[in-house]
Amino acid sequence: MKINPAQLSSDPIELNSSGTDRVGILQNNRRKMIVCVAVVGHQNNPLYIQSFTEAEDALKLHHIVHCSLDVIDERVNNPSKSGTTLNEAFLGLLYPPLNYKVYGYLTNTKVKFIMVTTDLDVRDTDVRSFFRKFHAAYVDAVSNPFHVPGKKITSRTFSESVTNIVTSYSFN
């Protein structure tokens, strides 16, 4: 069935030359993904932070990561209010700023992992799996005899591992 071009102008859905609606194409092209990851030391000193977006969003994401440290401290210091047990590493959803979700993970050495994603309906099992892989990459990086504990992680191998983990968890 052919579409009459005169009907297109009155139709509220805008169509492209192939006859599909542009809104659907834009929604399909918008990938739900991890936009920032961070490793923060036990004294809230940043050890590693990486944004996977444009440069102008990086400052906003750094601010979101910084704000999430207060939420982590609140959950760790008041476990009865948050429902988190002290022996559980996965802290879950920390807080949902506009257009993002922030998840946290706490190691036994009080090192914090933070992930910011644009996927607003991600499953906890996927996030837990991501943090397990991210934690393993971190352990490999700090096991390097040349790494100074408590200092920023500057390993190129760690950065490449993190990038590979993040791209494998781009939620569609």
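Residue count for segment 62-84, restricted to those that are open to solvent by less than 70 Å² (accessible area, probe 1.4 Å) and either modelled with pLDDT of 85 or more or at negative phi (or both): 14. Within segment 136-172, being surrounded by fewer than 17 Cβ atoms within 10 Å (Cβ to Cβ), polar (S, T, N, Q) and not in a loop (DSSP other than H, G, I, E, B) holds for THR157, SER159, THR163, ASN164, THR167, SER168. Whenever a residue of segment 115-135 is touching a residue at least 60 places away in the same chain (Cβ under 8 Å) and in a helix (DSSP H, G or I), its partners that are of a type in the set (A, V, I, L, M, F, W, C) and open to solvent by 10 Å² or more (accessible area, probe 1.4 Å), lying with C-beta atoms within less than 9 angstrom and at least six residues away or across chains, give the pairs PHE130/ILE165; PHE134/ILE165.
The values are calculated or read from the model by the stated rules, or taken from the named source; none is laboratory data. Here the structure is a predicted model, which is why all the values come from computation and not from measurement. Virtual Cβ from ideal backbone geometry, glycine too; neighbours counted across all protein chains shown. Ligands, DNA and RNA are stripped out before the accessible areas are found, and what is left, the full protein with its side chains, is counted by its heavy atoms. Shrake-Rupley method; radii C 1.70, N 1.55, O 1.52, S 1.80 Å.
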